[in-house]
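The block underneath contains the structure these notes are about, expressed in structure tokens.
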Amino acid sequence: MSDSTDVRGVLTATPAGTTVRFERRYATDVDDLWTCLTEPARVARWLGPLYGNLRVGGAYELRMGEDVPGADQNATGEVLVCEPPHRLEVTWAFPGEPVTRVSATVGEVGSGAVLVLEHVDLGDAAARGYGGGWHASLDRLDDHLDGRPIRPWDDLFAERHGLYRA
């Protein structure tokens with residue numbers, strides 16, 4: 001279970017666009033949290049089916065809607081950095097949007113682990129949408145790690161998206 005009291009993301013304007021940043025603490029260890037981000041069977045439980053090769057230079061496809069190649073809700077990209085069990089950085093190509101970057105950094109904190117997720121180079125409107133989307137997804141990761149039933153993404157997004165509106 002997440003032991004942080006404020007789990008909201010922060011949107012920050014940069015010269016290259018807007019960055020969405022989340023820092024979440026989980027009552028698990030670094031290795032367990034890393035596998036939630038990189039092992040396809042675990043990623044599928046909270047984010048969506050993951051296909052590809054998570055090594056530097058490898059390509060991936062994350063299916064967040066239908067489990068169909070090339071569907072409208074699939075993110076694709078290239079792995080830029082993979083340093084198990086601490087850092088993963090990928091390009092993020094989503095249909096109809098410019099290519100951006102997502103990084104996940106895992107570290108130890110107290111008796112648990114911390115995840116810092118950053119999605120960078122976003123337009124302002126896209127950043128607000130991704131704020132709500134990543135918030136909902138990370139809540140689902142918390143459900144998975146805590147052994148609770150994983151709540152529907154659409155319901156969580158509807159509740160969380162308002163936190164990131166202008």
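Remarks
- The mean accessible area for residues of the chain, using a 1.4 Å probe and ignoring ligands and nucleic acids, is 49 Å² per residue.
- The chain: projected area of the alpha-carbon convex hull, averaged over directions, in nm²: 9.2 nm²
- Once the chain from His161 to Asp29 is taken as fully extended at 0.36 nm per residue, the excess over their C-alpha distance is 44.6 nm.
- FRET efficiency for the Thr12 to Arg151 pair, using the beta carbon distance and R₀ = 30 Å, is estimated at 0.60.
- Cα gyration tensor shape of region 1-79, rounded if a/c is under 1.5, else prolate or oblate by comparing a/b with b/c: oblate
- Each helix, a run of at least 4 DSSP H residues, gives -39500 (n - 2.57); summed and divided by the residues of the chain, these come to -8500 deg cm²/dmol at 222 nm.
- Top of Val99, Val79, Val90 by mean-square fluctuation, Gaussian network on the chain, Cα under 10 Å: Val99
- Inter-centroid distance (Cα atoms) of region 1-50 relative to region 89-107, Å: 12 Å
- Gaussian network model of the chain, springs between alpha carbon atoms under 10 Å - residue of Gly110, Gly132, Gly123 with greatest fluctuation: Gly110
- Computed lengthening from Thr105 to Glu39, 0.36 nm per intervening residue step minus Cα-Cα distance: 22.2 nm
- Carbon/sulfur fraction of accessible area - the chain, other protein chains in place, 1.4 Å, %: 53 percent
- Using Cβ point charges alone (K and R +1, D and E -1), the dipole size of the chain about the Cα centre works out to roughly 200 debye.
- Largest GNM mean-square fluctuation across Arg63, Arg148, Arg55, computed for the chain with C-alpha springs under 10 Å, falls on Arg148.
- Options Gly110, Pro95, Ala127, ranked by Cα towards positive dipole end of the chain, top entry (Cβ charges): Ala127
The values are calculated or read from the model by the stated rules, or taken from the named source; none is laboratory data. It should be emphasised that the depicted structure is a prediction, and the values quoted were computed from it without experimental measurement. Using ideal geometry, Cβ is built from the backbone for each residue, glycine included, and neighbour counts are taken over all protein chains shown. Heads up: the accessible areas ignore ligands, DNA and RNA and are worked out on the full protein's heavy atoms, side chains in. Shrake-Rupley method; radii C 1.70, N 1.55, O 1.52, S 1.80 Å.
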